[in-house]
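Asks: The structure is given below, and queries will be raised subsequently.
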Amino acid sequence: MFRRARGAKGGAVHSGRTHTGKDMQSIFAKNGTETPEPVSAQVKGAVPSWLQGTLLRNGPGLFSVGSQRYNHWFDGLSLIHSFTFKDGEVTYRSKFLKSETFKRNIKADKIVVSEFGTMIYPDPCRNIFSRAFTHLSNIIPDFTDNNLINIIRYGQDYYASSEVNYMNQIDPNNLDTIGRVNYRNHIALNLATAHPHYDEEGNTYNMGTAIMGLGRPKYVIFKVPANASDKENKMLALKKVQQVCSIPFRSTLFPSYFHSFGMTENYIVFVEQPFKLDIVRLATAYLRGVNWGSCLKYDENDITLFHIINRKTGKAVHTRFYGDALVVFHHINAYEDKGHLVFDLICYKNSNLYNMFYIENMTQETEGFIQSNKAFSLPVCKRFVVPLDVHKDSPRGSNMVTLMDTTARAVVQEDGTVYCTPDVLFEGLELPGINYNFNTKKYRYFYGSRLEWTLHPNKIAKFDIVTRKHIEWHQENCFPSEPVFVASPGAVEEDDGVILSSVVSPDPNISPFMLVLNAKTMEETARASIPAPVHMDLHGLFIPAAASPPGH
């Protein structure tokens, strides 16, 4: 189950069992069911006695309503589940997010709200005036509130979130849906990430896109203070939201898509990539009969801009930093080091990843998947380094990176701009996680799901940035979720803690289980077999039993 791998690069070759389409259907596109009351897991091994708290996870869990099925895995209705650790025992529960989208679909017994890859049109039997009004109202989309990507915290409020203007507040103790919240009632945003950052004081930083509203379209960075919740008066934490700064689009009708961003002690890192949202196509998608997913376009001939913003003053560093075209969904970490800003990304050379998550692609057997997705760009962990002391007299043609532990370069061009090329750290890893106590700080280790021969994660890896080696956990015919690091109490060493990951299998003889790994060795400490269905998820949040700001 545990093996040590010495190379820094993972090959795009598959090994082991060939999975059938039925296997993949049972793992990734089978309708989940709720376990609304907590059930006790059967623990094998020993869960550390200090591990006290709840791991909340979010992801798509319902892929059909009535006789209709969703087209894309990211369309499935949110099913939230929790794993609670107390005194060496583990309990599990799950509930569907009772969003307005969920309630409307269930009441109608069919899909009536459009999603990322599934566009829903009015009943042709309805009268022409009703159909015309429906088409017109979708010129400015009122997006679904099916918040299936992550769990985030503002103040002491917890939300199921995706990337639209809606979130749904949840109770982390019983997973009940409290109600829908609209960002636009508090700050002018049409889209927002589901990957915020939390600082040491417990403040939350996040970023969104303002397409419509006063002034030019822009990206907005905002902050919600740690003490923003007012439970007594039932005031939402978002009522105290503060705008840190805004960044204008470089192309008014083609804003960059972004799934996450970076943060250091003093700066925000925003990667304005050439993977873009076509605003005109979005506004006419309903009339054209195309889904929202088709409104994202990648321009391989464009450049990638790296915006560096002082998070305390809101002012951007004036130097224009740029690199070659790339696609990025997840940042790993960022920090400052000897006058440089270092940020690590999971990069792709094209935007095919989203297309691969159409359910008809995901549920192919292994060999068929490999043949039909040869253009799949493996995720590559890359390190970029930006020198913070570039000025108008900096020597042209010179590499301004003076750090000795990286081959990343930043070369000043004749016009004063800086062209950045990365240091390749590792290939074939996604859903990265770190010891969040080292977020914004120089760090050594990151963890993630291995994607070698398919987008289905079948291993968990720990990568050592210093030695450029990695070690893995693997069990045949098992699919682990995103690894989550939880530090030991009072830990000094960065990898002193455990890795948590829920694991599912198409094998009926293997019950779903919560895996607990020693984060130093990646050896199994415990597994807690769940006597209930568990679905494959996306992201989540560990909430310690003691009241302290959680990482993500």
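The values are calculated or read from the model by the stated rules, or taken from the named source; none is laboratory data. Because the structure is predicted, anything quoted here is derived from the model rather than measured. Neighbour counts are summed over all protein chains in view; Cβ atoms, including those assigned to glycine, are modelled from backbone coordinates with ideal geometry. Each accessible area value is taken on the protein alone, full model and side chains, heavy atoms only, with ligands, DNA and RNA left out. Shrake-Rupley method; radii C 1.70, N 1.55, O 1.52, S 1.80 Å.
Asks: For region 431-552, what D do you get in µm² per second when you plug the Kirkwood radius from alpha-carbon pairs into Stokes-Einstein at 10 °C and 1.306 mPa s?
Replies: 106 µm²/s
Asks: When the C-alpha atoms of region 205-276 are aligned to their principal axes, what extent does each axis show, in angstrom, from largest down?
Replies: Taking the Cα atoms of region 205-276, the three principal extents are 45, 30, 17 Å.
Asks: Let me ask something additional. Karplus couplings for region 217-231 from phi (6.51 cos²θ - 1.76 cosθ + 1.60, θ = phi - 60°), rounded to Hz, Gly and Pro as x?
Replies: x, 7, 8, 10, 9, 9, 9, 10, x, 4, 9, 6, 6, 10, 5
Asks: Which value at 222 nm does the chain reach when only helices count, each DSSP H run of 4 or more adding -39,500 (n - 2.57), with the total divided by all residues and rounded to the nearest 500 deg cm²/dmol?
Replies: -2500 deg cm²/dmol
Asks: Further question on the same structure: Using a cut-off of 17 Å between alpha-carbon atoms, which lysines can reach LYS442, once sequence neighbours fewer than 8 places away in the same chain are excluded?
Replies: Straight-distance partners of LYS442: LYS338, LYS382, LYS462.
Asks: Still on this structure, I have one more. Sort 444-450, 539-545, 376-382, 403-409 by packing, meaning the average of other beta carbons within 10 Å per residue, with the highest value first.
Replies: 444-450, 376-382, 539-545, 403-409
Asks: In nm², what is the average projected area of the convex hull enclosing the Cα atoms of region 298-436?
Replies: 10.8 nm²
Asks: Suppose all protein chains stay in the model; what accessible area per residue would a 1.4 Å probe give for the chain, in Å²?
Replies: Value returned for the chain: 41 Å² of accessible area per residue.
Asks: Also: Residue by residue through region 237-245, what is 3J(HN,Hα) from phi via Karplus (6.51 cos²θ - 1.76 cosθ + 1.60, θ = phi - 60°)? Round to whole Hz and write x for glycine and proline.
Replies: My calculation for region 237-245 gives 4, 5, 5, 10, 4, 10, 7, 7, 5 Hz in order.
Asks: Now for a separate question. Starting from the Kirkwood Rh over alpha-carbon pairs, what translational D in µm² s⁻¹ does the chain have by Stokes-Einstein at 10 °C and 1.306 mPa s?
Replies: Result for D is 66 µm²/s.
Asks: I would also like to ask the following. With N set to the residue count of region 407-467, report its C-alpha Rg divided by 2.2 N^0.38 Å to two decimal places.
Replies: 1.47
Asks: How many percent of the accessible area of region 394-545 is carbon or sulfur, using a 1.4 Å probe?
Replies: That share works out to 52 percent.
Asks: If the cut-off is 16 Å between C-alpha atoms, which lysines fall inside it for LYS110, apart from same-chain ones fewer than 8 positions away?
Replies: Result set, ordered by chain and number: LYS98.
Asks: I've got another one for you. Can you give me the long-range amide H partners of ILE178? Hydrogens built in the peptide plane at 1.01 Å from N, cutoff under 5 Å, separation of 5 or more residues or another chain.
Replies: The answer is GLN169, ILE170, ASP171.
Asks: In sequence order, what are the phi-derived ³J(HN,Hα) couplings for region 324-334 according to the Karplus relation 6.51 cos²θ - 1.76 cosθ + 1.60 with θ = phi - 60°, rounded to whole Hz, with x for glycine and proline?
Replies: Karplus-based 3J(HN,Hα) across region 324-334 equals 5, 4, 7, 10, 9, 10, 10, 7, 8, 6, 8 Hz.
Asks: Out of every Cα pair in region 299-361, what percent are spaced more than 15 Å from each other?
Replies: 65 percent
Asks: What size of dipole, in debye to the nearest 20, comes out for the chain about its Cα centre when the only charges are +1 on Lys and Arg C-beta atoms and -1 on Asp and Glu C-beta atoms?
Replies: For the chain, the charge dipole is close to 800 debye.
Asks: Next question. Can you list residues from other chains, or at least 5 along the same chain, whose modelled amide H is less than 5 Å from the amide H of LEU62?
Replies: Excluding prolines and chain starts, which carry no amide H, the hits are GLY32, LEU77.
Asks: Could you calculate, for region 370-481, the ratio of the Cα radius of gyration to the Kirkwood radius, expressed as Rg to Rh?
Replies: 1.09
Asks: Can you list the residues, at least 5 places off or on another chain, whose amide H is less than 5 Å from the amide H of ALA519, using H built in the peptide plane?
Replies: Long-range HN contacts for ALA519: GLY497, VAL498, ILE499.
Asks: If you look at just the Cα atoms of region 436-498, how large are its Rg and its Dmax in Å?
Replies: 13.0, 39
Asks: Give me the extension gain from ARG184 to SER64: residue separation times 0.36 nm, minus the current Cα-Cα distance, reported in nm with one decimal.
Replies: Length difference between fully extended and current span is 40.2 nm.
Asks: Going by average Cβ neighbours within 10 Å, how do the peptides 193-200, 423-430 rank, with the highest at the top?
Replies: 423-430, 193-200
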